[in-house]
Amino acid sequence: MAGRDRIATQGRGAAQVPRFQVDPLWPKPLPNHWIFGSITGVAVDAQDHIWVVHRGVDSLNPRTEIGLASDPPSAESCCLPAPFVLEFDQTGAVVGHWGGPGHGYDWPQSPGGIAVDAKGNVWIAAAGPPDLAGGRATSTSEEPGGGAGGQAQGTGRGGRGATPRPQDAHVLKFSRTGAFLLQIGKAGRVEGSDSTTALNRPAAVEVDSAANEVYVADGLGNHRVVVLDSETGAYKRHWGAYGEKPTDAPTAPYDPNAPPSKQFGIVSAVRLAKDGLVYVCDRKNDRIQVFKKDGTFLKEGFVSKTTLGDGAVWDVAFSKDPQQRFLYVADGHDQKVWILVRDTLEVVGSVGAGGRWPGHFYGVGSIAIDSKGNIYTGETYEGKRLQKFVFKGLGPA
Amino acid sequence: MSGPRHLVIGAGFVTAIVALGVSRGVLDRAVAVQAQGAVMAPRFEVDPMFPKPLPNNWVLGETIGLGIDSQDHIWIVHRSDRVNANEGAADQNPPTASCCRRAPPVLEFDPAGNLVGQWGGPGEGYEWPLSNHGIFVDHKDNVWIGGNDAKDAHVLKFTKSGKFLMQVGHQGKSGGSNDTENFGRVAKIIVDPKTNEAYIADGYGNKRVAVIDADTGRFKRYWGAYGNKPDDTNIGRYDPNAPPAQQFRTPVHCADLSLDGLLYVCDRPNDRIQVFRPDGTFVKEIFIAKKTLGDGSVWDIAFSKDPQQKYLYLADGKNEKVYIILRETMEILTSFGDGGRQPGQFFAVHSIATDSKGNIYTTETYEGRRLQKFVYKGIGPVTKKDQGTVWPTK
């Protein structure tokens, strides 16, 4: 009966949407008693390897979480911060790791997104410490009241005892083994959203390898998308919300009942579809704006429009069918991945819920997809997980 | 070191035993087992899909108590008031997102992992703890709860459905470790069905085990480390190279009674278990991961489900593992677990209990905030001293 009913439902034209199932045993346990800090970026490369960047020691509690990292160690067997950048193969094994300060570049106070371009080079946005407007009280003490706040979340202290580093205002390009290649922008140098020479807390990058262009979601400080030459870093063009000239004038807090803001709030991600459309996540405004590559505004769509605080539109990925019919939007405040029809920007489903068990989220802020259509998510805040959701084909919504 | 009483357990334990001049019997047994080819120990695998997702977009705060009742239902208590604002977003005023909401403090799961009961919070006639800590279901099916806020000086007893029955001690009234009316920030409670006595791990403020009548709440006896009279003088931080402290260091985090009448007390920051008779007579002590500083290594214990309770399971929320210990010798046979947020990994594994089938359940405090189940897979040879994350074999 059930089967016949389902056929009948399809016959009436019920929407078919991608379905997913969490793989609770992916990735494999990290080696060396490593643990993730708050994950800020996830990407999949041409070999279907999964790349992660996380906030490492700056997002881990020295007293309770990384006892092997203190001097003297306060624990005998666990744990240590994993290297900032980790590469996993399809089986979920760590096959590469690097990251951290080095010669010739400014390692971020706090990383943002990660991208791997067609040449296999790895891009990291220097996003600065997270925006914590939503408020949180990290639990660092088992005893009430005592010691809470010991975690220097948001200070970007760059390791214990280090002097504060200048504000993140750049993006970095490395080889896949971590050799430094290019820095665009300079830490501590910001000029506002109309600058042709400086960035301000860029949140994420996307590379158009065919055009040798890098798109920067700029970001947490500025209010624009900026496009640069991916080989030289030379400025090419930029735009704000609706393709207008961006401004940094203060705006009212997001109000779902007010007319849509004429300016971006936090530009948290930018992604390019195969058909050349540019999708921009305006996180706190709960919207995606769609552009042509030249910055011509095409349309906008709202997702979970009543969401306040941290906002609903954190990152976006495309389904793997040739038409990229669906968008997957990571919503780190509602703790869901929303499924949208790309053409209409209509929400047709969602995956996930809040919590700490497999398939649950706390701060799902990054999303990427592999060649088989599987979704990978990264959680920031105290989620601190990389999760895989196996694509199970299309089914009724 | 004050003599043969102290068994040092950990990496290189045989050497340590020799160095301490422990009786040859212990060594002989260890050699005998090795001669048979392999050390045998219980094996476990995490069930990554346990429990079922909570309803109502509920999430947990620090999950700081765990008990199993006579029907193998799993009870947890957590700190719903400590859910982060950006996680409990649907509970904000106005709500800032569609998820999540704080689950009620006391949750009851059936063996399949379904949530079948929930209650807790302030009510008429009792003082709900300012900081929940520890839950136990006794042989009469009553539920005990402690609290470790600076003001919490009491324990509470409820029916399984959450009807208030008894409060012993009063908030804000702690008179220290020799007070016979109040406690000092209780960590855990158990009840001995044979005597109907409740043993209180007391606690985060006090430095003692206290025993009361489980029906009347009347104080019966209490003692400190080595059975000494407890003394609240600040003895400073734990130093693994100093002689063992003559007092417990706070928190005294568990007191669990075996079927053969031995009381195992978690002296958490001192990295040791002290074993007593029910009357408070000191029997022995054992150090675990002795170089562990800060929160310490000895958080909570549970017994294996065989009639002899041959094994003791010890949760170590600082090293993020569960040790499997041969109870007779208190030798660590193996351990499982590692740090992390994936199934079978821990962030501050705080409480541990076993069901009638021998399965282990754990809860995590801090930002771990999970209930996890480790399925008992029978006794097998120990191939690794440190098993790491124990996942199901696919």
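Bear in mind these aren't lab numbers, they're just calculated from the coordinates by the rules spelled out. Everything quoted here is computed from the prediction, not taken from an experiment. Cβ placement follows ideal geometry from the backbone for every residue including glycine, while neighbour counts extend to all protein chains displayed.
Some observations on this one:
- Where Rh is the Kirkwood radius over Cα pairs, Rg/Rh for chain B: 0.96
- Note on region A:293-393: semi-axes of the ellipsoid equivalent to its C-alpha gyration tensor, largest first and rounded to whole Å, are 22, 18, 12.
- Each Cα pair under 8 Å and six or more residues apart adds its separation to the average, and for chain B the resulting relative contact order is 16 percent.
- Taking B:Thr216, B:Thr195 and counting other C-beta atoms within 10 Å, the order from fewest to most: B:Thr216, B:Thr195
- Cβ-placed point charges (K, R +1; D, E -1), dipole of chain B about Cα centre in debye, nearest 20: 680 debye
- The chymotrypsin sites (Phe, Trp or Tyr not before Pro) found in region A:165-234 include none that occupy coil by DSSP while having at most 13 further C-beta atoms within 10 Å.
- The HN-Hα couplings worked out from phi for region A:261-276 by the Karplus form 6.51 cos²θ - 1.76 cosθ + 1.60 (θ = phi - 60°) are 5, 7, 10, 5, x, 9, 8, 9, 7, 9, 9, 9, 7, 4, 7, x Hz, whole numbers, x standing for Gly and Pro.
- Chain A: projected area of the alpha-carbon convex hull, averaged over directions, in nm²: 20.9 nm²
- Restraint check, B:Lys140/B:Lys188; B:Lys284/B:Lys377; B:Lys173/B:Lys291; A:Lys119/A:Lys186; A:Lys262/A:Lys320, Cα-Cα greater than 29 Å: B:Lys284/B:Lys377; B:Lys173/B:Lys291; A:Lys262/A:Lys320
- Surface/4 estimate of mean projected area, convex hull on alpha-carbon atoms of the protein assembly as shown, nm²: 35.3 nm²
- Total formal charge among the other residues, if their Cβ is under 13 angstrom from that of B:Asn182, Lys/Arg +1 and Asp/Glu -1: -1
- Taking amide H atoms as placed 1.01 Å from N in the peptide plane, the amide H of B:Gln171 lies under 5 Å from those of B:Ala153, each 5 or more residues away in sequence or on another chain.
- Dipole-positive endmost among B:Val168, B:Gly120, B:Gly205 within region B:101-255 (Cβ charges, Cα centre): B:Gly205
- Amide H contacts under 5 Å for A:Val17, placed H, 5+ residues apart: A:Gly395, A:Ala397
- For B:Val59, the residues 5 or more places off, or on other chains, whose built amide H falls under 5 Å of its own are B:Arg101, B:Arg102, B:Ala103.
- Kirkwood-based Rg to Rh ratio, region A:286-347, C-alpha trace: 0.98
- Between region A:219-288 and region A:347-396, the Cα center-to-center distance that results, in Å: 24 Å
- Test item: Cα-centred dipole of region A:304-344, Lys/Arg +1 and Asp/Glu -1 on Cβ, debye: 140 debye
- The ranking of B:Glu87, B:Glu124, B:Glu367 from fewest to most other beta carbons within 10 Å of each one's beta carbon is B:Glu124, B:Glu367, B:Glu87.
- 3J(HN,Hα) along region A:382-390, derived from phi through the Karplus expression 6.51 cos²θ - 1.76 cosθ + 1.60 where θ = phi - 60°, amounts to 9, x, 6, 10, 9, 10, 10, 10, 7 Hz, with x in place of Gly and Pro.
- Per-residue Cβ neighbour counts within 10 Å put A:Lys173, A:Lys274 in the sequence A:Lys274, A:Lys173, beginning with the fewest.
- Total charge dipole magnitude, region B:89-181, about the Cα centre, Cβ charges on Lys, Arg, Asp, Glu only, Debye to nearest 20: 140 debye
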